[in-house]
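Everything below concerns the one structure shown next.
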Amino acid sequence: MKQTINEGKNLAVISYLTFVGLIIAIIMNLEKRNTFTSYHIRQMLGLVIMLSVSQLIEKYLNSWLGTVCWFITFACWLYAFYHVIIGQKKPIPYIGEYFQDWFRNVR
């Protein structure tokens, strides 16, 4: 387990560095299929969707509500980024397990 984390940690960190980093991590993880990296790629995919939804809410529904959603997304990103740095597979509270389920085919 520790070896899997050490091998996949760099790519997992890259996945959290913007949308481009996510794409790079997905492509580079296609070869080795590291489970630690895949776990964090799925978390970041969910965060990208949360960010997109917050932007849609801000633009079309209510700018204050969209801003609140953006801050929630940012807090979730900080939480996930912290756990990838320390080498843990800990889901984002309340929604992280859903991300793992929804994106289970992303390896």
- Using alpha carbon centers only, region 87-102 is separated from region 12-85 by a whole-angstrom value of 11
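Output the peptides 80-92, 60-72 sorted from most to least packed, where packing is the average of other Cβ atoms within 10 Å over each peptide's residues. All intermediate terms of the calculation are to be shown ahead of the outcome.
Values: 80-92: 16.6, 60-72: 13.2.
Highest to lowest by the protection proxy: 80-92, 60-72.
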- Message: Run the numbers for Ile72 and Gln3: contour at 0.36 nm per residue of separation, minus the present Cα-Cα distance, in nm.
- Response: 21.6 nm
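Starting from the Cα-Cα distance between Leu30 and Gln55, subtract it from 0.36 nm times their residue separation and give me the gain in nm to one decimal.
On the way: separation 25, 0.36 × 25 = 9.00 nm, distance 3.00 nm.
Between Leu30 and Gln55, full extension yields an extra 6.0 nm.
Anything in the chain that counts as a DSSP H helix reaching 24 Å or more along its axis (C-alpha) with Kyte-Doolittle mean of at least -1.0? List them, would you?
Numbers: long enough: 35-60 (38 Å, 0.57); 63-85 (32 Å, 1.34).
Span-like helices here: 35-60, 63-85.
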- Item | Unit charges on C-beta of K, R, D, E only; dipole of the chain, Debye | 300
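Can you give me the accessible area per residue for the chain, using a 1.4 Å probe, in Å²? It would help to have the intermediate numbers written out before the result.
Values: 6900 Å² over 107 residues.
Per-residue accessible area for the chain comes out at 65 Å².
The values are calculated or read from the model by the stated rules, or taken from the named source; none is laboratory data. Computed from a predicted structure; not experimentally measured. FYI the Cβ positions are ideal-geometry reconstructions off the backbone, even for glycines, and counts take in every protein chain you see. Side chains included, ligands, DNA and RNA excluded: accessible areas come from the protein's heavy atoms. Shrake-Rupley method; radii C 1.70, N 1.55, O 1.52, S 1.80 Å.
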